[in-house]
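As C-alpha cells, the structure follows; a few thoughts come after it.
The values are calculated or read from the model by the stated rules, or taken from the named source; none is laboratory data. Model, not experiment: these values are computed from the prediction. Here the Cβ positions follow ideal geometry from the backbone for every residue, glycine too, while neighbour counts run over all protein chains shown.
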Amino acid sequence: METAMEGEVERFFKGYGRAARVRVTRTTTVPDPFRAALYARAPDLGPRVLFFSGGSALGPICPELIRHTHNSVHIITPFDSGGSSARLREAFDMPAIGDVRNRLLALADRSVQGHPDVYRLFAHRFAKDGDPAELAATLADMVRGTHPLMAAVRDPLRAIARHHLGLFERWMPADFDLQKASIGNLILTGGYLNCDRNMAPVIYLFSKLVRARGVVRPLIDRRLHLVAELADGRRLVGQHLITGKERPPITADVSRIYLSERMDDPAPVDPPLSDEVLRLIRRADLICYPMGSFFSSILANLLPSDVGAAARANPCPKVFVPNTLPDPELRGLSLTDQVARLVACLRPRSGSAPAVHPARHPAVHPAMHPAVHPAVHPAVHSAGHPAVHSAGHPARHPARHPDGPDGPADHSALDFVLVDLENGRYPGGVDPAALARLGVTVIDAPLAAGPDDPSIQGALLVPALLSLV
C-alpha cells in the first residue's frame, strides 16, 4: 500500500525524470519546535515514522501524531490470546485482530471531514453480560441495517459494513460467544474470511472506511502463539498469561520468548515477513520501539529474524522510548537491561533460531554498531535539549537510500534511547555510560506530564521524535 506522501513524491519526481540519492548527516535539537510546526503545516507530506507496538499503549499518542504526519506506519503484534480476540482466533484459526482495529481507530479522522458514524459503529462492543439470544438478534439488526448505529452510516459505507458483518454472521459457529465482542473485530473477521484469509485487503478497506491517517499492518498474517520461558523453569504459552492484565503478574523473570505454531507442542518458529512489511521497515524515515508491554508488545514484534535484518538495512535513526509507568512484565529489569534485550533481539542471527534473551544484559560486540555515538554530554542533563546527530533525508522518496530500499548495508538497529531525566521514572535509573557501551546514545527531553504524573504525553513525545527525522 502506498502512503499519501509516497504518491505525491513519486508524481513530483516523474516530472523531473531524474534525482540524485545522497545521505546527509545533520545536528539537531530535541525537541525542535520549528521542525514540528513545519510538519504540522503539511501532514500529508509528513515523515514515515514506523512503530513496533501492541494495540493500546500508543493509542493516546495517535491524535497528536496525525496532526504532524499522515504517513506513520504501525506494525502490530497479532498474538493476543485473551478476551474476545481469543474467541475469534479459536473459532476461525486466524491471527488476533483486536490490536489492529484499536490502532486503526486511534488513527481515524474523527472530525466532520472524516466518518465519525463509521468510527462509532466500529468502536461499539456488545455487553459483557448480554443474553446470547438478544445479542444474536442485535447482530441480525445490524446486518439488516435497522440498528441505529448501522442506520447512521451512509451508503455506500453502510453497504460495505453490512456485507462484511453479514459474512461473519453466516460463518459464525452456532455456539460462538458474542459477549463483549467488538463490531469492528467482527467486520474485519468477515472481510478476512471473504478475502481468502488474507488480512491486508480488509485492513486497507477498513482504513478507508474510518479514514485512518497512517498505515497499520500486523507483523505476520498467521495464527501463532507467544511463548515465555521463565527463570524458575515454567513455560507460559499465550500472550494473556504474560501481560499481568487478565491473569496475575508473572512471579519470575522472563529468560526467553519465542513464537510457536502450536500450544500443545510449543516448538520455536521463525516466520518470514511479507514483502510489504519488509518494504515498510526498509523505507521508514524513523524507526521507533515505543513504550508498551515490553515482552508481549515490543520484543514480540522483533522475534522474526527478518525484522532485525530489515531494520539494519535502513540507515534511518532508530530510537527506543522506554516505559515511564510500571510494566508488570519487566519485574525490575533496569533500563540498561531493557536496551540490552532489544539489542540482542535485533542482532544478526545464525540460521533461523528464534531470539533468545539472556537474563541480564550481555556483552555486545563493538562491530554491532558501526556508527556509535558518544554518551550523552553532562550539559544535556541540565538543558534537556541535546544536540544529536541523525540521518537527514532531503530527497525523501521511495528510493532515497544510498544502497537502495533493499540494499545490503548493515546499519545499527538501535541508535538512541529517548528519556525524560527530570520527570520520567526508570527502573535502575539511567546510566549513559552503560548504554554507550551497548552502542546507544541517551537523549534527554521533556516527555512526561510532570513530577507527579510520569505518563508520556503525545504533545511532548511527537515533536521529540520528529526532531530526529
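In the range 13-29, is there at least one residue being at pLDDT 90 or above and either in contact with a strand residue (DSSP E or B) (Cβ under 7 Å, 6 or more places away or on another chain) or more than 14 Å from ARG213 (Cβ to Cβ) (or both)? Yes, the range 13-29 has at least one match.
Evaluation of ALA136 against the conditions (1) in contact with a Leu (Cβ under 8 Å, 6 or more places away or on another chain); (2) closer than 20 Å to ALA123 by Cβ; (3) not polar (S, T, N, Q) shows that the sole unmet condition is (2). Highlighted here are the strands (runs of 3 or more DSSP E) found entirely within the range 235-307 that include at least 2 residues which are in the same structural domain as PHE51 (by TED's automatic domain parsing), over 18 Å from the mean Cα position of the chain (by Cα) and touching a residue at least 60 places away in the same chain (Cβ under 8 Å): 254-260. Here ASP44 clears all of (1) closer than 21 Å to ARG283 by Cβ; (2) more than 23 Å from the chain's Cα centre (by Cα); (3) part of a helix (DSSP H, G or I) except the condition numbered (2). When each of LEU421, LEU414, LEU460 is tested for being assigned to a helix (DSSP H, G or I) and either assigned by TED's automatic domain parsing to the domain that holds ASP327 or modelled with pLDDT of 50 or more (or both), the lone residue that passes is LEU460.
Scan the range 70-91 residue by residue and report those that are assigned to a helix (DSSP H, G or I), closer than 25 Å to SER274 by Cα and either out of contact with any Pro (no Cβ under 6 Å at 6 or more places or on another chain) or among the aromatic types (Phe, Trp, Tyr) (or both). Within the range 70-91, SER85, ALA86, LEU88, ARG89, GLU90 meet the criteria.
Does ILE220 satisfy being of a type in the set (Val, Ile, Thr) and assigned to a strand (DSSP E or B)? The answer is no for ILE220. When the range 430-444 is limited to residues that are touching a Ser or Thr at 6+ places or on another chain (Cβ under 8 Å) and part of a loop (DSSP other than H, G, I, E, B), the one that is nearest to LEU333 (Cα to Cα) turns out to be ASP431.
Based on this model, can you work out whether LEU280 counts as closer than 26 Å to GLY214 by Cβ, aliphatic (A, V, I, L, M) and buried (at least 23 other Cβ atoms within 10 Å of the Cβ)? Against the criterion (closer than 26 Å to GLY214 by Cβ, aliphatic (A, V, I, L, M) and buried (at least 23 other Cβ atoms within 10 Å of the Cβ)), LEU280 does not qualify.
Just one of the numbered conditions (1) assigned to a helix (DSSP H, G or I); (2) among the aliphatic types (A, V, I, L, M); (3) more than 18 Å from the chain's Cα centre (by Cα) is not true of ALA200: (3).
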